[in-house]
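In what follows, a structure is listed as structure tokens, so that the remarks can point back to it.
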């Protein structure tokens, strides 16, 4: 029996190594190809770092100005989208769970609906609204795309917050805080938010990644964000566009790693708290 178990463990270990190797190759080969393209001139094959140095060297063509504008707009829109999406959805979900549980399915359906609608269709529907916003309410500044991005990230924010709220006894926490005289804003910000911090961080990181990678909305509404600026740069210098794309992929990877670390830290902290409570009760 021990020999069979040992062989099974070895087979499982080999299987894991093979799967991880294939997954690593699937993700790394395109990145290596992009890096090779960024340092090797396509026509002559000459290897140099001019495309990387172009990001910090003086530029008279306006490419870096376009890139800076796109990066700035995307960063501002990412912050605005995070604030709007989490700020609207978290109180709504708490209210529905505590006071209006019959509406939970309806809220879930509304939040997940953008997953079933193609981005092009959303843009076509939002184009007349943004035409009015640009001329009569606000202006044509790109950052107002954040309102559309809230719709785009609703499913991801909802799923992250839903997982966090399911992991705690929301009704008991809120009723206990209210019994001690806490107001509803105090219950939300000082009781509920600390207990779902990892879910909020998860929602924020996913939102940032989605906004930084969004192209369809900005392109079809003639706005400048990071992806549209990369598209414009690629038309004149594909190597510089490849460099910036690599940097963006690196930033996204760091965000996902940070997300995994934060979520893991939150789970370990909750596990330690649960063990402490069980030991005290014993």
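Relative contact order of the range 35-179: 28 percent, from C-alpha pairs under 8 Å at least 6 residues apart in sequence. One decimal place: the segment residue 237-residue 112 gains 41.1 nm when fully extended, by the rule 0.36 nm per residue minus the C-alpha distance. Averaging the sequence gap over all C-alpha pairs within less than 8 Å and six or more residues apart, then dividing by the number of residues, gives the range 129-220 a relative contact order of 37 percent.
Using a Förster distance of 35 angstrom, determine the FRET efficiency expected from the C-beta separation of residue 120 and residue 100, and round it to 0.05. Before the final figure, lay out each step's value.
Details: r = 34 Å, r/R0 = 0.97.
According to the calculation, E is roughly 0.55.
What order do you get for 202-212, 140-150, 12-22 when each peptide is scored by the mean count of other beta carbon atoms within 10 Å, highest first? Display every interim value, and only then the final one.
On the way: 202-212: 22.3, 140-150: 19.4, 12-22: 10.0.
Result, highest mean first: 202-212, 140-150, 12-22.
Label-to-label distance, residue 53 versus residue 210, with points set 7 angstrom from Cα along the beta-carbon direction: 4.2 nm.
Which FRET efficiency value, to the nearest 0.05, is calculated for residue 178 and residue 19 with the Förster distance at 45 angstrom and r the Cβ-Cβ distance?
0.35
Readers should treat all values here as calculations from the given coordinates under stated rules, not as data from a laboratory. Please read these numbers as outputs of a predicted model, since none were measured by experiment. Neighbour counts run over all protein chains shown; Cβ positions are idealised from the backbone, glycine included.
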